[in-house]
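Since the structure comes first, as structure tokens, the remarks are kept for the end.
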Amino acid sequence: MSDAESHFYLGVDGGGTGCRARIEDAAGDVLGQGLSGPATTRLGVETAWASVRRAVDAAIEEAGFGEAEIARIHAGIGLAGMRRKGAIEAFQALSHPFASIVFASDSDTACLGAHSGLDGAIAIAGTGSVGLGIVDGKHLRIGGYGFPISDEGSGADIGLNAVRAALQGHDGRIPQSALLTEVMRRFDEDPAEVVAWMDRASATDYATFAPMVLRHADQGDAAARRIVQDAAAQIDMLVRTLFDQNAPRVTLLGGLSGPLEPWLSPDVRRRLKPADGDAVDGAIILARRAVEGRVAL
């Protein structure tokens, strides 16, 4: 067995809803996989790392690895919130049993996976929205500064616009529609209930209205169509800006990428590239680069 063939590679994708781990051999064959709960820096280093280790341990168990094999693993770990100040340093200080380990943001690993490690960018449309890319060693970031001041075109943004329009419809400022009626029914037709909900609502709470808006838009509801068209225009802008900043290829990702793509402008849809792989693939690319001495994204 050559030195290169003796390596194993671990990729981890940790986010706000769950954590996935996968172990591959040098040829890229999958040896073991594991899942666990949320693994974002927002939960704290210890909690996030514990979730990572549960997913990794499950993958190690499935692979049937003992201490000797574990010591030959090179790990790439992508976690949500890794751009928080001090996060990388805190995780790098943790002890581990692997041959090497490198940490990055989950968005960086998603970008690497989407383009097989080549330069490119991703536009993410989910609960939030952001444009991210890696071009000639330079990181691109467009938007994604947080809801409600940013994250335009996201599920949270769509939900906010739906609730706002529902109140306008309730007042008679704009024509009523099936969407606006359904939104207000959620609050017993009482604006005071909307205000009380707003005081404690998170971006995730607002995003729960997005499927409703998209459903009504597909059925021809005028208010819903306006909201979705506005959201699509924001994602159009995100994608075009990434191309303007020299991204050679852009992929649309996120939970709303599928539902929103038909609403995008034809020129944007034509230029989008399907993802080659996911964030776990990107994390494994990161691990392989570390072995090659190329740890920079």
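The values are calculated or read from the model by the stated rules, or taken from the named source; none is laboratory data. These numbers come from a predicted model, not from an experiment. Methodologically, a virtual Cβ is constructed for each residue, glycine included, from the backbone with ideal geometry; neighbour enumeration extends over all protein chains shown. Please note that ligands, DNA and RNA were not included when accessible areas were found on the heavy atoms of the full protein model with its side chains. Shrake-Rupley method; radii C 1.70, N 1.55, O 1.52, S 1.80 Å.
The table below gives the values:
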item: Theoretical gain in end-to-end length, Arg269 to Val45 [0.36 nm per residue, Cα-Cα removed]; result: 76.8 nm
item: Sum of side-chain charges, His139 neighbourhood, beta-carbon under 12 Å (Lys, Arg +1; Asp, Glu -1); result: 0
item: Sum of -39500 (n - 2.57) over DSSP H runs of 4+, divided by residues of the chain (222 nm, nearest 500); result: -13000 deg cm²/dmol
item: Accessible area in the full protein assembly, largest first, 1.4 Å probe, for Lys273, Lys85, Lys138; result: Lys85, Lys138, Lys273
item: Translational diffusion coefficient (Stokes-Einstein; Kirkwood radius from C-alpha pairs) of the chain at 20 °C, 1.002 mPa s, in µm²/s; result: 104
item: Cα radius of gyration and Dmax for segment 147-251 (Å); result: 15.1, 50
item: Fraction of the pair-distance distribution of segment 195-276 above 16 Å, Cα-Cα pairs, percent; result: 58
item: Equivalent ellipsoid, segment 192-231 (semi-axes from 5 times Cα gyration tensor eigenvalues, Å); result: 23, 11, 8
item: Percent RCO, i.e. relative contact order, over segment 154-297, from Cα pairs under 8 Å lying at least 6 residues apart; result: 22
item: Peptides ranked, highest mean first, by Cβ atoms within 10 Å: ranges 69-77, 169-177, 96-104; result: 69-77, 96-104, 169-177
item: Cα pair distances exceeding 26 angstrom across segment 1-157, given as percent; result: 30
item: Helical segments meeting 27 Å axial Cα length and Kyte-Doolittle 0.0 threshold in the chain (DSSP H); result: 222-244
item: Low-density loop positions, GluC sites (Glu not before Pro), segment 164-271 - DSSP coil, at most 14 other Cβ in 10 Å; result: Glu189
item: Full-extension gain in nm, Glu292 to Ser6, via 0.36 nm per residue minus C-alpha separation; result: 101.6 nm
item: Surface per residue (accessible, 1.4 Å probe) for segment 145-296, Å²; result: 49
item: Relative contact order (%) - segment 151-228, alpha-carbon pairs under 8 angstrom, separation at least six; result: 42
item: Ranked by how many other beta carbons lie within 10 Å on average, peptides 114-122, 259-267 from highest; result: 114-122, 259-267
item: Accessible carbon and sulfur surface of the chain relative to its total accessible area, %, 1.4 Å; result: 50
item: Long-range amide H partners of Ile101 with built H, under 5 Å; result: Ala75
item: Extension gain, Ala222 back to Lys85 (0.36 nm per residue minus Cα-Cα distance, nm); result: 44.9 nm
